[in-house]
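To start, the structure itself, in structure tokens.
The values are calculated or read from the model by the stated rules, or taken from the named source; none is laboratory data. All values derive from a computational prediction rather than experimental measurement. All Cβ positions, even for glycine, are placed from backbone atoms using ideal geometry, and neighbour counts span all protein chains on display.
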Amino acid sequence: MTVNIRHLATLQPDFDAAFQTVLHWSADTDVEIENRVGAILADVRLRGDDAVLEYTERFDHLQVGSVAALELGAAELKAAFDGLPAEQAEALQAAARRVRGYHERQKQACGLSWQYRDEDGTLLGQKVTAIDRVGIYVPGGKAAYPSSVLMNAIPAHVAGVGEIIMVVPTPRGEKNPLVLAAAHVAGVTRAFTIGGAQAVAALAYGTATIPKVDKITGPGNAYVASAKKHVFGQVGIDMIAGPSEILVLADGSTPPEWVAMDLFSQAEHDELAQSILLCPDADYIAQVQAEIERLLPTMPRADIIRASLEGRGALILTRSMEEACDISNRIAPEHLEVSSNDPHRWEPLLKHAGAIFLGAYTSESLGDYCAGPNHVLPTSGTARFSSPLGVYDFQKRSSLIEVSEAGAQTLGQIASVLAHGEGLQAHAQAAEFRLKSHAKP
């Protein structure tokens with residue numbers, strides 16, 4: 001059966017309008033969801049554990065006597081790891097080693113304190129310290145994501161975060177051993193089997209059992225995204241994630257079935273996910289279309305993939321690879337594959353993307369699980385101004401200033417002039433009092 005994915009060409013006179021239609025996605029949360037989330041947050045803030053228990057029973061159909069009974073102890077996490085098949089345990093550890101290694105290098109590159117002294121002895125610098133306590137949200141409804149545990153907890157651990165509190169929904173009490181094992185491997189401090197807006201509220205405000213955190217990271221459904229928006233300011237958050245995206249820049253040198261499956265790899269997430277191919281070779285685009293139709297019936301999530309490709313997907317014929325790179329920068333995709341024999345020729349032209357996958361052998365799925373860089377990436381064009389989750393998200397910077405007596409004579413004059421110009425006399429006099437020329441009363 002034909003897959004009715006859009007075919008566009010940049011030579012079309014109406015390309016820009018059609019292109020914007022493909023890209024359009026509203027990040028506005030449904031008003032009903034906003035109202036329900038607001039009520040849940042207010043209730044958890046007011047009633048704490050009692051509200052968490054009530055919502056856990058209502059939404060996850062999980063009845064327990066106390067929130068303490070929802071906590072997963074370290075022994076249970078280790079037991080889950082010990083009980084894994086050898087192949088899964090080895091894969092989990094290998095992925096964790098690579099993710100940790102990447103983020104250790106990231107810390108060395110950007111997470112260091114520094115200082116210097118001016119010629120007059122004034123010390124200026126930056127002090128980098130870790131956040132005390134963070135909460136990580138791990139989805140656990142329709143699917144379980146041990147990779148999300150690694151990608152959120154490991155950079156926090158590398159950054160030096162004191163406590164990492166994990167929340168994960170377990171509908172009807174069904175715990176995924178791989179998720180629990182990942183928490184053990186990644187160094188999670190405490191874990192609770194709660195989810196949804198109530199879990200975000202508990203982390204943001206704290207309850208008698210669940211500690212209040214300073215920042216919340218991790219993806220979730222519309223209720224989780226809305227709750228994170230609501231509590232931002234009370235705590236920090238990483239980002240508001242939209243539907244998953246992949247953009248493939250292809251020069252026609254990669255087997256077309258590889259590219260078709262890479263487009264599937266994001267389309268299978270959900271019906272709103274987006275998969276786009278940009279290529280200057282019309283014959284190659286036709287080959288990819290043929291492979292899409294051949295391979296789709298073999299996929300367990302074929303209905304979701306079809307809906308995604310037909311609703312938000314596109315195969316776009318460009319004039320050149322240079323034009324494809326320009327269009328990619330306009331899209332600023334979450335995942336960007338450069339499927340080319342010479343990817344390093346095109347990489348310098350690419351400015352905006354969550355992660356860039358270079359070469360035919362670099363499938364996006366390797367980045368999702370085990371390459372090393374973080375898979376929590378900006379979506380919906382926010383890669384224009386946002387970055388992947390990293391060590392820096394779990395640290396903050398304090399400026400260091402120690403002005404010497406000599407430095408105060410120079411800086412005091414400058415500050416005095418500017419403060420008087422702003423009409424802030426106390427600011428000016430605070431600087432003037434430290435001037436040697438200042439006449440004391």
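Residues are listed down the side, and each one gets a yes or a no for (1) surrounded by fewer than 16 Cβ atoms within 10 Å (Cβ to Cβ); (2) among the aliphatic types (A, V, I, L, M):
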site	(1), (2)
Ala17	yes, yes
Ile33	no, yes
Asp49	no, no
Val52	no, yes
Ala86	yes, yes
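In segment 150-166, the residues that are in the same structural domain as Phe192 (by TED's automatic domain parsing) reach residues that are of a type in the set (Asp, Glu) with C-beta atoms within less than 6 angstrom, at least six apart or across chains, in these pairs: Val158/Glu104; Gly162/Asp132.
Determine, yes or no, whether Ser265 is surrounded by 15 or more Cβ atoms within 10 Å (Cβ to Cβ), assigned by TED's automatic domain parsing to the domain that holds Phe15 and either at pLDDT below 95 or part of a helix (DSSP H, G or I) (or both). Full working, then the answer.
Values: surrounded by 15 or more Cβ atoms within 10 Å (Cβ to Cβ): yes; assigned by TED's automatic domain parsing to the domain that holds Phe15: yes; either at pLDDT below 95 or part of a helix (DSSP H, G or I) (or both): yes.
So Ser265 passes the test.
If a residue must be closer than 24 Å to Pro146 by Cα and in contact (Cβ under 8 Å) with a residue 60 or more places away in the chain, how many such residues does segment 88-129 contain? Matching residues across segment 88-129 total 15.
Mind telling me which of the residues Glu257, Glu310, Glu293 ends up being modelled with pLDDT of 95 or more, surrounded by fewer than 16 Cβ atoms within 10 Å (Cβ to Cβ) and either touching a Ser or Thr at 6+ places or on another chain (Cβ under 8 Å) or outside any helix (DSSP H, G or I) (or both)? Spell out how you get there, then give the answer.
Numbers: Glu257 fails: either touching a Ser or Thr at 6+ places or on another chain (Cβ under 8 Å) or outside any helix (DSSP H, G or I) (or both); Glu310 fails: either touching a Ser or Thr at 6+ places or on another chain (Cβ under 8 Å) or outside any helix (DSSP H, G or I) (or both).
Among Glu257, Glu310, Glu293, only Glu293 is modelled with pLDDT of 95 or more, surrounded by fewer than 16 Cβ atoms within 10 Å (Cβ to Cβ) and either touching a Ser or Thr at 6+ places or on another chain (Cβ under 8 Å) or outside any helix (DSSP H, G or I) (or both).
Cβ separations smaller than 7 Å between residues 6+ apart or across chains give the following pairs from segment 296-312 residues that are under 19 Å from Leu247 (Cα atoms) to residues that are at pLDDT below 95 and part of a helix (DSSP H, G or I): Arg312/Val22.
Just one of (1) under 18 Å from Ala191 (Cβ atoms); (2) part of a helix (DSSP H, G or I); (3) of a type in the set (A, V, I, L, M, F, W, C) fails for Ala94. It is (1). May I ask you to list the residues in segment 318-329 that are part of a helix (DSSP H, G or I) and in contact (Cβ under 8 Å) with a residue 40 or more places away in the chain? Met321, Glu323, Ala324, Cys325, Ile327, Ser328 - these are the residues of segment 318-329 that are part of a helix (DSSP H, G or I) and in contact (Cβ under 8 Å) with a residue 40 or more places away in the chain.
Candidates Leu62, Leu11: the one that is part of a loop (DSSP other than H, G, I, E, B) and crowded, with 17+ Cβ neighbours inside 10 Å is Leu62. In segment 48-71 there is at least one residue matching the filter, namely being touching a strand residue (DSSP E or B) at 6+ places or on another chain (Cβ under 6 Å) and not assigned by TED's automatic domain parsing to the domain that holds Ile327. If I filter segment 368-387 for residues that are buried (at least 20 other Cβ atoms within 10 Å of the Cβ), outside any loop (DSSP other than H, G, I, E, B), hydrophobic (A, V, I, L, M, F, W, C) and outside the structural domain of Ile246 (by TED's automatic domain parsing), do I get at least one hit? So far as segment 368-387 goes, yes, one or more of its residues are buried (at least 20 other Cβ atoms within 10 Å of the Cβ), outside any loop (DSSP other than H, G, I, E, B), hydrophobic (A, V, I, L, M, F, W, C) and outside the structural domain of Ile246 (by TED's automatic domain parsing). Number of residues in segment 386-402 that are more than 13 Å from the chain's Cα centre (by Cα) and not polar (S, T, N, Q): the value is 5. Taken over segment 368-384, the residue count meeting the criterion of being under 22 Å from Ala94 (Cβ atoms) and within 13 Å of the chain's Cα centre (by Cα) is 6. Please find, within segment 214-237, the residue that is farthest from the chain's Cα centre (by Cα) out of those that are surrounded by 21 or more Cβ atoms within 10 Å (Cβ to Cβ) and part of a loop (DSSP other than H, G, I, E, B). Checking each candidate, the answer is Gly220.
Residue-wise test of (1) surrounded by fewer than 16 Cβ atoms within 10 Å (Cβ to Cβ); (2) within 16 Å of Thr10 (Cα to Cα).
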residue	(1), (2)
Leu317	no, yes
Arg330	yes, yes
Glu334	no, no
Glu337	no, no
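Reported count of residues in segment 388-441, each being assigned to a loop (DSSP other than H, G, I, E, B) and either free of Cβ contacts under 8 Å to residues at least 40 places away in the same chain or under 30 Å from Ile237 (Cα atoms) (or both), is 14. Selection of segment 26-43 for residues being over 13 Å from Gly195 (Cα atoms) and part of a helix (DSSP H, G or I) yields Val31, Glu32, Ile33, Glu34, Asn35, Arg36, Gly38, Ala39, Ala42, Asp43. If Leu400 satisfies every condition in (1) closer than 22 Å to Pro243 by Cα; (2) at pLDDT 95 or above but one, which is the exception? If we test Leu400 against (1) closer than 22 Å to Pro243 by Cα; (2) at pLDDT 95 or above, just (1) comes out false. Across segment 180-213, what is the total count of residues that are more than 28 Å from Ala94 (Cα to Cα) and either under 17 Å from the mean Cα position of the chain (by Cα) or outside any loop (DSSP other than H, G, I, E, B) (or both)? Residues flagged as more than 28 Å from Ala94 (Cα to Cα) and either under 17 Å from the mean Cα position of the chain (by Cα) or outside any loop (DSSP other than H, G, I, E, B) (or both) within segment 180-213 amount to 10.
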